Every structure is written in C-alpha cells, then in structure tokens.
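A quick write-up on the structure given underneath.
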Amino acid sequence: MSNKAARSGPIKPDIVVVGIDVAKRRHVAAIRQIDGRVARPFGFGNDRAGFEMLVGRAEAAVRASGARRAYFALEATGHYGHVLQQYLLDRGFVVIGINPAHTKKIKEVFDGSPEKSDAKDAVLISELAAQGRGRPVFQPEGVYADLRRLGKLREQLTNERTRCLNRYTGLVDLVFPELVDLVYDVTCPTIRKLFMEFPTAEAIGRRQYRVIGRRLRDWSIGHFDAARCRAIHEAARTSVGMRPGLDAFALQMRQILCSLKLVESQIAEVEAAQTALLAQVPYAGHLITIPEVSTVTVATVLGEAGDLRQYSTAEALIKLAGLNLYSISSGTFQGRTRISKRGRPLLRRIVFLAALRMSKEGRPLAEFHGRLGERLAKPQVAVAGARKLLRMMYALARDGVDFREEMLAVKRSEAA
C-alpha cells in the first residue's frame, strides 16, 4: 500500500458511489449514479439480510447505469460500522472512510440549511467520497488484527483499573484519612493487603500492634520499619474516619480490592498475549531495541498502524497518528503551529507517552529534548519527540536494523 497520507483524487465517473450513514440498529444508504444523480435514500438492517439487500441494490444500479463497479463510503462512527465494513471488504468491494468532521462542516454548504437527518448524511457521504475527500479503508489482517484488538482491550482494562484505583483511594479517605500522611502511596501492595484483611481504621486499631506490625513488615519485605508500623497503628487507633456503616464500608473495600486484583490480572494476561504475538512480526525485535520502548508500546503501535513496511514515508505514519502539523494564517496574522489530532488517538497517545519517558534526564531523548527546549515550549518539544520516535520506528522496520545511538542526533532543521 502506498502513502496513507495522500488522497487519490476524485473517483472516476464510471463508478457508482454508495454513501452509508451508520447507526446501531438500522443504516441508511444513498446511491449516487455515474451522472451525479442520487437515488432516494433507503434504510437496511444491521444483519445479513440487510447487507445482502444493500449489495443487491448497489449491483442493480451498476448494471442499470452501465458503470464499471460500486464503491461504498462510510463515516468512521465508532464500532457501529465495523461489521458492515468487514462484510463489504470480504466480498472485494472498495470501502471509503469519510471523516465525520467533514460531513458536519459541509452540511450547510450542501443545501443552505443546518438540518440534519440520516438521509441527508448518506447523500453527503456519497458526494464527499465522489469528490475524493475520503480514503480507502484497510482492515488489519493476521497478527496485526489480533494486536489491534488486544491493544483496544488493554486500553479498556487500564481505564477500568484507573476507575477502581480512584474508588479505592476515595474510600481510604473516608475510613482512614490520616494514612495519606504516613505512607508514600496508599495504592502500594502492602497497604492494599492491609485493607483486604483489615478494611477500616477501626479494624486496624482494634488489633494488637504486634499483629499489625508483623503483617506490615512481612508484606513490605522489611521496607516498613518499626517506627512506621507503630505510627500507622497509633493513627488507626485515634482515627477520625467514618464510624457509621462500618460493615458496609468493609464490604465495599473488599469488593473494590478484589475488582482491582482481577483487572490487574487481566491486564497481565493481555500483555503476555501481546508479547507472544510480537514473535510473529519479523522486525518487532528491532523496535524493542529502542531504549525505554516496551513490548506493550511496540504491540500497540503495530496494532494501530498495521505493518509499518506498508507506508511509503514516515510522514504517512505521523499523519495516521494525528501528529502532523498545521497552522492558521491570514494576511499579517500568523497562527500557532499545532498538531491536527486526526487519525488514531490510541496510537498518538502511546507514542507520546513513550517519548515523554525517553525525554527524562539520563534517558535517550534527554539531549534532544534539552536542545529543542532552548527555543520551543515544552508541549512543542514533547510533540517533536513523539514525531522523532515514530520516524525512528519506521526506519528500523524499513531497514531491518537495531537501534543505534546516532539516530538520536538532532539535525539543524529540527533544532530550528
């Protein structure tokens, strides 16, 4: 596949374009003939019978007009269109992806009205696709399809873990508010084990110190000394934590900790599956040689971007991540340079976080970060680091080589 960042221009006039407004239960389609006329939009179900009716009507329009073939155009609206998209791709049809932001902005230009309806959106989608305003959709296959699904799953699980941790720390503030001043992190394994066995400050303070102290020292492998153990026990005995409803608080604490443990075990299982799948990617070992880039980061990047060798330039990969630059200027006004934030948000996020880790003092991108920081603001330097990391990953995959320190040299053009 060639550069994903480039469009191929308007669709040829011998092509029938079917615009589809995707919904959860029932989609709406509009067939644009080769002469530009659009037939009356029609609805079809999100099932095999509905899909077969859609294809049948599209093929009938192709035969009636003497067109060469039919293209299908859909908006990227979450997961609702994924099944239909896969159905069409499996049958050899070309599927065009349309950015929902483009449909929204051209709505009033189309008929001078801000009206929105499924039928109008389907017509707009077909028109935008015919003008070449979309891009062909390519579904990942094989190991890349598995990596994409696992990357999404891990993202969902990490969000769930964050929610569990927030609920847990909020509950700690209610039952034992003094604890935050006695330990570095109330979410550490030692404290979580303490609350699993003694779920409130009242339960901790009621037990003898030798029991609590021995538990804390064993769970922390000696990191909690006698002074800290004594301070935690004394604070629990005199705590101002909530007293009414202690039984309910205890039940809630144990349930939250059990949920947190389950989610973390699920994340570990997903990460193990990602690591195993990377063995099937011939150049994955080269990407892992980049310092501070974990196997999870590499697996997520490959899942979101697919085979890195399919891109003709690194700029296409950067644009897919929404890290391509733009500015708004008019006359003497020159706007700030920003990133487009189009494309795949998970890819952008995972690369950005990896670049931040690499930019800390003593790490690979520290010098790059420091030199650019002399002239650019911190957010701009962080974006530059993420773009450089993507270029580096693309080069390693393309050339089939391991990471080398000279790849981090700052070019004069980058410093400017």
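If I ask for residues that are part of a loop (DSSP other than H, G, I, E, B), small (Gly, Ala, Ser) and under 21 Å from Val281 (Cβ atoms), which ones from the stretch 309-365 would you list?
Ser312, Ala321, listed by residue number.
Looking at the stretch 56-67 only, could you name the residues that are surrounded by 12 or more Cβ atoms within 10 Å (Cβ to Cβ) and either in a strand (DSSP E or B) or touching a residue at least 24 places away in the same chain (Cβ under 8 Å) (or both)?
Arg57, Ala58, Ala61, Val62, Ser65, Ala67
Could you check the stretch 247-263 and list, in sequence order, the residues that are surrounded by 15 or more Cβ atoms within 10 Å (Cβ to Cβ) and out of contact with any Phe, Trp or Tyr (no Cβ under 8 Å at 6 or more places or on another chain)?
Residues satisfying the conditions are Phe249, Ala250, Gln252, Ser259, Val263.
Going through the stretch 7-55 one residue at a time, which ones are among the β-branched types (Val, Ile, Thr) and either in a strand (DSSP E or B) or free of Cβ contacts under 8 Å to residues at least 24 places away in the same chain (or both)?
Ile15, Val16, Val17, Val18, Ile20, Val28, Ile31, Val38
Might you check whether a residue that is at pLDDT 80 or above and within 13 Å of Val22 (Cβ to Cβ) occurs anywhere in the stretch 107-119?
Looking through the stretch 107-119, at least one residue is at pLDDT 80 or above and within 13 Å of Val22 (Cβ to Cβ).
Go over the candidates Leu260, Leu216 one by one and state the one that is in contact with a Ser or Thr (Cβ under 7 Å, 6 or more places away or on another chain), at negative phi and of a type outside the set (S, T, N, Q).
Result: Leu216 is the single residue among Leu260, Leu216 that is in contact with a Ser or Thr (Cβ under 7 Å, 6 or more places away or on another chain), at negative phi and of a type outside the set (S, T, N, Q).
Could you list, in sequence order, the residues of the stretch 27-55 that are surrounded by fewer than 19 Cβ atoms within 10 Å (Cβ to Cβ) and within 17 Å of Lys116 (Cα to Cα)?
Arg40, Phe42, Gly43
Can Leu150 be described as more than 28 Å from the chain's Cα centre (by Cα) and in the same structural domain as Arg215 (by TED's automatic domain parsing)?
No: the conditions fail for Leu150.
Can you list residue pairs whose Cβ atoms sit under 9 Å apart, with the first residue in the stretch 105-119 being of a type in the set (A, V, I, L, M, F, W, C) and the second being surrounded by fewer than 12 Cβ atoms within 10 Å (Cβ to Cβ)? Count only pairs 6 or more apart in sequence or on different chains.
Ala119/Arg40
Is the stretch 232-244 home to any residue that is touching a residue at least 12 places away in the same chain (Cβ under 8 Å), among the polar types (S, T, N, Q), buried (at least 17 other Cβ atoms within 10 Å of the Cβ) and in the same structural domain as Asp181 (by TED's automatic domain parsing)?
Within the stretch 232-244 (the criterion being touching a residue at least 12 places away in the same chain (Cβ under 8 Å), among the polar types (S, T, N, Q), buried (at least 17 other Cβ atoms within 10 Å of the Cβ) and in the same structural domain as Asp181 (by TED's automatic domain parsing)), the answer is yes, since at least one residue qualifies.
The values are calculated or read from the model by the stated rules, or taken from the named source; none is laboratory data. Small disclaimer: the values here were computed from a predicted structure and weren't measured. FYI the Cβ positions are ideal-geometry reconstructions off the backbone, even for glycines, and counts take in every protein chain you see.
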